Amino acid sequence: MDFHFTDEQNHLRRTIGEFAEGEILPHVMEWDEVSHFPSEIMPKLAEMGLLGIIFPEKYGGAGLGYIEYVIAIEELSRVDGSVGIIVAAHNSLCSNHIFKFGSEAQKQKYLSPLAQGKQIGAWSLTEPEAGSDAGGTRTTAKRDGDHWVINGAKTFTTNGHYANVCVAMAVTDKSKASHGISAFIIEKGTAGFKPGKKENKLGLRASDTSEVIFSDCRVPKENLLGEEGEGFTASLKILDGGRISIAALALGMAQGALDAAIKYAKQRKQFGQPISEFQAIQFKLADMATEVEAARLLVYQAAWLADQNDRRFTRESSMAKLFASEVAVRVANECVQIHGGYGFIKDYPAEKFYRDVKLCTIGEGTSEIQKLVIARQLLGKK
């Protein structure tokens, strides 16, 4: 086993870290307060190759792997999880679904501008009545000549208002249950397709989370993504990578909260000395750092497996997502506690980490669902 990063990977981490601290950090609270989607930094993210980091160069991507992808999400999220999740949803969900299951024509038409960062992607699976039970999808798509007509609504779609391309799941044959769900590529501006309510969220407020609505939305038959009826099965495979994204998001925010706690503990004085000199604080920091490092090992193991391309990594990605997200919540909680009263006000970053990290235990499968996934893998159940 080799736990060292290459010189190129270390350079990538420094580059993204410096960018995040220089161009994102000064605006974090401003964007958070007003739920501002940071459109102004998207061209820079594209220029750095972060909007197509895991896709081949022939499609305009950076041609890197999941190790580099996790480094990117971790470093962005260490400063602002909102930017981390914008990049993650664009890469691992929308763009990756087209890359993994799209035709060559679809990749040329849709993946290339996404990977180059000329367009932004969204991915819509969840519905008001189909969350953890994604197989309960109610949105329908019916064939009408050379088109599919889509009706229904999706919720909790990241980048929903800003996406140029949306990949959405819809029922094409109700009699086949989950094997009757298909995936479609829908372009912004298509008649009958529009974003709906923008959610007013607890955390990650600079990322856009919204409904998307389909009302007699007609898409060409060639916009069927993958085989008819296999959209749900494909979604499960896409979520393997998506869970690595959320694990990386959690890891980055946990590291950010730990860094903030260490910085404050060294500066804050009580009883004539920095609180970092008190054993109670030292024990908290030691526990936080140990859990963050354990999460890091699980997350990068899952990323390494994703780069092997020769096996499923469902169990490992679920373990990484489960553990890293729960660690992030605990670390952010202790970060607030170490800050004391100052952890409860917006002059310090502790309260924002505390609000932001909770999403990681919910998004792309709750912690409880991850345990079910892991158990099924252990017991050999499909």
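Some observations on this one:
- Within the chain, the percentage of alpha carbon pairs spaced more than 28 angstrom apart rounds to 44%.
- Computed 3J(HN,Hα) for region 192-209, one whole-Hz value per residue from the Karplus formula 6.51 cos²θ - 1.76 cosθ + 1.60 where θ = phi - 60°, is x, 10, 7, x, x, 4, 8, 6, 9, 9, 5, x, 6, 6, 7, 8, 8, 10, glycine and proline marked x.
- Residue of 367, 182, 215 that the Gaussian network model of the chain assigns the largest fluctuation, springs spanning Cα pairs under 10 Å: 215
- Across region 219-306, Cα pairs under 8 Å and at least six residues apart give a relative contact order of 30 percent.
- Lys, Arg +1 and Asp, Glu -1 on Cβ, resulting dipole of the chain about Cα centre, debye, nearest 20: 800 debye
- As a length-normalised measure over Cα pairs under 8 Å and 6 or more apart, the relative contact order of the chain settles at 16 percent.
- The chain: most fluctuating residue of 69, 300, 342 per GNM, C-alpha cutoff 10 Å: 342
- Mean Kyte hydropathy of -1.0 or more with a Cα span along the axis of at least 15 Å, helices from DSSP in the chain: 66-79, 231-267, 279-306, 314-339, 367-378
- Its relative contact order, with pairs defined as Cα atoms under 8 Å and 6+ residues apart, puts region 77-130 at 38 percent.
- Among 176, 194, 154, the largest mean-square fluctuation in a Gaussian network model of the chain (Cα springs under 10 Å) belongs to 176.
- Close amide H contacts of residue 199 (hydrogens built in the peptide plane, cut-off under 5 Å, sequence separation of 5 or more or a different chain): 209, 210, 211.
- The residues of the chain expose on average 45 square angstrom of accessible surface per residue, using a 1.4 Å probe on protein heavy atoms.
- Carbon-plus-sulfur accessible fraction, region 188-274 (probe radius 1.4 Å, protein heavy atoms only): 50%.
- Mean-position separation - Cα centroids, region 346-382 and region 1-63, in angstrom: 23 Å
- Cross-link pairs 107/381; 109/358; 44/269; 142/201; 100/381; 44/321 - those with Cα-Cα distance over 31 Å: 107/381; 109/358; 44/269; 142/201
- Summarising the overall dimensions of region 135-177 from its C-alpha atoms, the Rg and Dmax are 11.9, 35 angstrom.
- Solvent-accessible area, 1.4 Å probe, carbon plus sulfur percent, for region 50-92: 50 percent
- Of the trypsin sites (Lys or Arg not before Pro) found in region 261-360, those in coil by DSSP whose Cβ has at most 13 other Cβ atoms within 10 Å are 311, 312, 346.
- For residue 197, the lysines whose Cα comes closer than 20 Å to its Cα, not counting residues fewer than 8 places off in the same chain, are 154, 188.
- Of the residues 204, 170, 225, the one whose Cα sits farthest toward the positive end of the charge dipole of region 149-261, with +1 on the Cβ of Lys and Arg and -1 on the Cβ of Asp and Glu, is 204.
The values are calculated or read from the model by the stated rules, or taken from the named source; none is laboratory data. Computed from a predicted model, the values in this text were never measured in an experiment. Don't worry about glycine lacking a Cβ; one is built from the backbone with ideal geometry, like all the others, and counts go over all protein chains shown. Surface areas here come from the heavy atoms of the whole protein model, side chains and all, with no ligands, DNA or RNA. Shrake-Rupley method; radii C 1.70, N 1.55, O 1.52, S 1.80 Å.
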